[in-house]
Structures are given as structure tokens and as C-alpha cells.
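First comes the structure, then the notes that go with it.
The values are calculated or read from the model by the stated rules, or taken from the named source; none is laboratory data. These figures come from a predicted structure and were not determined experimentally. Don't worry about glycine lacking a Cβ; one is built from the backbone with ideal geometry, like all the others, and counts go over all protein chains shown.
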Amino acid sequence: MAQFTIARSSKGSKKVVRGIEIAYEDVGSGPSVVLLHGYPFNRSMWREQVEVLRHNHRLIVPDLRGHGESAVTPGPATMESMALDIALLLETLNISRATIGGLSMGGYVALAFYRLFPLRVRSLLLADTRAQADTEEGKQNREQQAEKALKEGMEGIADALLPKLLAPETVAERPGIGRRVREMIVGTEPDGAASALRGMAVRKDHTSFLSRIIAPTLIVVGSKDVLTPVEDSELMHREIGGSRLQIMEGSGHLSNLERSEEFNRALVKFLNDVEV
């Protein structure tokens with residue numbers, strides 16, 4: 001049954017969850033939707049989606065541990081630990097069931113959440129993400145990035161990452177998006193970035209698990225995403241029965257920013273269909 005809990009405030013809040021402080025926004029009223037950001041960003045990446053969905057939904061938009069205004073923790077921030085953070089945050093907010101959505105790393109967390117708490121997931125949004133674990137080369141690259149962040153700060157991470165995040169057309173024609181993304185990256189604590197990188201490196205491979213997902217699922221990917229290419233989304237689409245695949249033409253890895261209006265239309269239609 002859909003939950004219709006009215007949020008008391010549209011301002012950012014913080015709660016201590018599992019011994020750490022988690023920052024989040026609780027906006028709007030209606031069926032609950034949780035949106036999980038990617039690495040190395042923060043909850044502000046969902047601004048355009050919150051503005052559209054808040055009129056008919058309750059949006060819970062957290063900063064994952066180590067990002068934004070949430071606490072940095074020692075050791076790898078695993079996808080399961082982040083999923084547990086979100087599960088307990090939702091309990092404190094009296095939300096028993098919600099749509100769980102994530103982009104990139106947020107998608108990894110969403111898959112971990114579903115694996116741990118399938119009955120608490122009304123529907124899934126998997127945007128610009130993948131089910132596969134890292135290759136050995138991928139794990140080594142993440143460790144190198146983690147060491148670079150700790151030694152040199154986030155400016156160099158931003159320089160290396162930005163060309164891979166956005167489609168060339170976005171960089172050339174919409175420089176404001178590039179500035180916004182860079183600001184999120186350099187605003188991330190190096191310790192938090194390193195923890196997330198090391199957590200992603202040890203994440204489970206969910207490929208064989210996909211066929212067990214029975215929640216309605218929307219899969220979104222940019223046609224020019226070089227980090228999690230269309231093929232990764234097509235694999236999830238084949239394996240998750242009844243899932244929808246939406247390819248955002250001309251978008252890179254951050255489809256919710258690069259093609260926000262199209263992304264929002266697809267998401268609103270999906271939510272309206274699954275909530276009937």
C-alpha cells in the first residue's frame with residue numbers, strides 16, 4: 001500500500017543513524033521516493049527532480065556517508081553500509097516502503113538496498129549505473145584515485161573526472177552544468193571520497209541477482225555515457241522482468257542533469273504508472 005506521510009519541513013535536516021550524522025532533505029507529500037546521488041557528489045544533484053516530484057510525492061534526498069554534509073567514516077564505505085544508513089533513516093521518518101532510486105554509485109546502493117530489504121521497495125530507479133562488480137583493473141584505478149584524493153585534494157579528481165561525466169556537447173554548450181558538477185566534486189571531503197572509492201571497489205556483483213528483482217524498475221542511461229555504457233543498462237533491462245529502459249539521447253553519465261526535462265518526464269510517467 002502506498003504511504004502518504006506529510007513532510008514537516010522542506011529544509012535540510014540531520015539525524016544520527018548508526019552512530020553517524022546523515023544529512024538529508026524531506027520535501028513534499030505523497031508516496032515516498034528516495035533519491036541517492038553518485039560519487040563524488042551530494043544531494044543537490046537531484047534539485048531538478050525534487051522541484052518536479054515534490055508536488056505529488058514525499059522526497060527523501062540524503063547525502064550518503066562521506067559526502068555533502070554527512071559524516072565521514074574511517075575505512076571503506078561499502079554499498080551495504082550506505083544501504084543500511086538509508087534503511088534506518090527511513091525508519092526514523094516512519095517510512096516503511098518507498099521507491100528507491102540512484103544514479104551511478106547511488107544505483108549500486110539502490111541494488112544493495114533491494115537485496116537487503118526487498119519488501120521495503122515499492123519500485124526501483126537505476127540511472128547510469130551497472131550491476132557488475134569492478135574488474136581488477138577497475139579496483140586498482142579506484143585505489144589510485146583514493147590515494148590521489150588523499151594526497152592532493154579533489155581539484156585533480158575533478159579535472160580527471162569531468163570529461164568522463166558529461167557529453168562533449170554538454171561541456172561545449174552548457175558550461176553551467178560543468179561548473180555545478182565541479183563544485184560538487186571539489187566540495188567533497190577527500191577522506192569521504194576515498195572511503196566511497198574503496199567501498200565501490202569491493203561491491204558485490206549483482207548480475208545473477210537481477211532476475212530476482214520483482215519490483216517495477218525504470219532504467220535510465222545517457223546514450224553517450226562512457227562510465228556505465230548503454231550496454232550495461234541493456235543487460236539490466238534484459239534480466240529484470242518487466243523493466244523499462246529509457247535512453248537519453250546526447251547525454252553523458254549525468255542524465256538527470258544533462259537531460260533533466262526528459263529524465264523528469266520518464267520518471268513521473270513511471271511513478272504514475274506504478275502507483276495506480
How about the range 96-125: which of its residues are in contact (Cβ under 8 Å) with a residue 40 or more places away in the chain, surrounded by fewer than 19 Cβ atoms within 10 Å (Cβ to Cβ) and not in a helix (DSSP H, G or I)? Ser96, Arg97
The condition from (1) in a helix (DSSP H, G or I); (2) closer than 20 Å to Gly28 by Cα that Leu84 misses is numbered (2)
Any idea which residue in the range 178-209 is nearest to Gly156 (Cα to Cα), counting only those that are crowded, with 18+ Cβ neighbours inside 10 Å and polar (S, T, N, Q)? Thr188
Show me the strands (runs of 3 or more DSSP E) found entirely inside the range 12-64 where at least 3 residues are touching a residue at least 12 places away in the same chain (Cβ under 8 Å) and touching a Leu at 6+ places or on another chain (Cβ under 9 Å). 20-30, 32-36, 58-62
Tell me yes or no: at least one residue of the range 194-214 is farther than 30 Å from Leu88 by Cβ, part of a loop (DSSP other than H, G, I, E, B) and more than 19 Å from the chain's Cα centre (by Cα). no
Among the candidates Leu245, Leu218, which residue alone is hydrophobic (A, V, I, L, M, F, W, C) and either buried (at least 20 other Cβ atoms within 10 Å of the Cβ) or in contact (Cβ under 8 Å) with a residue 40 or more places away in the chain (or both)? Leu218
Given (1) of a type outside the set (Phe, Trp, Tyr); (2) closer than 21 Å to Ala215 by Cα; (3) at pLDDT 95 or above, identify the lone condition not met by Glu48. (2)
If we keep just the residues of the range 221-232 that are of a type outside the set (D, E, K, R) and farther than 21 Å from Asp273 by Cα, which is surrounded by the most Cβ atoms within 10 Å (Cβ to Cβ)? Gly222
Return yes when Glu189 is acidic (Asp, Glu) and within 30 Å of Glu91 (Cα to Cα) and no when it is not. yes
Residue tally, condition farther than 27 Å from Pro163 by Cα, out of contact with any Leu (no Cβ under 8 Å at 6 or more places or on another chain) and among the hydroxyl-bearing types (Ser, Thr, Tyr), over the range 207-266: 2
